[in-house]
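No value in this document is a laboratory result; all are computed from the given coordinates. None of these values were measured; they are calculated from a predicted model. Note that we place each Cβ from the backbone using ideal geometry, even for glycine, and neighbour counts take in every protein chain shown.
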Amino acid sequence: MNLTENEIKVLNAICHNFYGDGPGDHIWSDSINDSHKPSGIEGKALSGVVSSLTQKGMVETGGDKKDATCWITKVGIEYFRKEVRNMKK
């Protein structure tokens, strides 16, 4: 599966988030960029990237408004471990 540069940045930000212990942990959606590797993407653009990752089965979301969370799926974790970690970014 091919991911865009922005999708990879957001996947990295979620996987390295300060509020999770690793890929697969639920984090607050509004804290995606509170990360060792922030994506640099914000607002509606960030929402669009998360939506795209959700459509590709890499991310799931739950809750609503200020209680919204997101997490990396098993598919996303495997992609992250095989592809993203091997990239020199």
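Structure notes:
- Count - residues of segment 1-28 that are among the hydroxyl-bearing types (Ser, Thr, Tyr) and either buried (at least 21 other Cβ atoms within 10 Å of the Cβ) or in contact with a Phe, Trp or Tyr (Cβ under 7 Å, 6 or more places away or on another chain) (or both): 1
- Single residue of segment 1-60 satisfying the filter (assigned to a strand (DSSP E or B) and of a type in the set (Val, Ile, Thr)) that is farthest from Tyr79 (Cα to Cα): Ile27
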